[in-house]
């Protein structure tokens with residue numbers, strides 16, 4: 001990391017608290033990780049704390065991951081958006097991937113794959129600024 005630069009801030013949204021904690025534990029050395037357990041909690045957090053990327057679970061009660069990603073895109077279009085799902089063949093998820101709403105990764109996630117995709121998304125966001 002260059003002098004004066006900061007670690008990327010990554011918001012993880014997953015209603016499964018142990019999964020969110022695992023992400024934080026695995027990636028805390030590389031990123032500043034913020035967690036939320038619902039879409040509503042994530043949106044409230046984003047009002048206070050801007051982030052560079054959002055890693056969002058698709059299947060959550062209330063606001064699902066796609067609805068949350070649409071809200072994030074409207075509010076903060078520069079935020080890199082990744083969707084984690086076990087339902088990769090649903091038409092809505094295929095459309096999210098096709099339109100660029102989110103990069104879609106399968107659950108359970110693989111640390112190396114997720115880090116590679118997240119780094120690519122963050123780098124693309126830095127180039128776009």
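Each reported figure results from applying straightforward, stated rules to the coordinates on display, with no laboratory input. What you see is a predicted model, and the numbers here were worked out from it, not measured in a lab. FYI the Cβ positions are ideal-geometry reconstructions off the backbone, even for glycines, and counts take in every protein chain you see.
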**Complete:** Per-residue Cβ contact counts at 10 Å, fewest first, order 34, 45 as 45, 34
**Asked** Regarding the stretch 74-129, what whole-number volume in Å³ per residue does the convex hull of its Cα atoms give?
**Response** 80 Å³
**Prompt:** Rounded to the nearest 500, what is the chain's calculated 222 nm mean residue ellipticity when only DSSP H runs of at least 4 contribute -39500 (n - 2.57) each, over all residues?
**Reply:** -14000 deg cm²/dmol
**Request:** Can you put 85, 22, 103 in order of Cβ neighbours within 10 angstrom, beginning with the fewest?
**Result:** 22, 103, 85
**Request:** Sort all Cα-Cα distances of the stretch 9-128 into consecutive 5 angstrom bins from zero, then give the percent of pairs in each bin up to the one containing the longest distance.
**Result:** 2, 12, 25, 28, 22, 10, 1, 0
**Message:** Need the full-extension length gain, residue 74 to residue 29, defined as separation in residues times 0.36 nm minus the C-alpha distance. One decimal, nm.
**Reply:** 13.2 nm
**Asked** With axes computed from alpha carbons, what is the tilt in degrees of helix 17-27 against the longest principal axis of the chain, rounded to the nearest 10 within 0 to 90?
**Response** 30 degrees
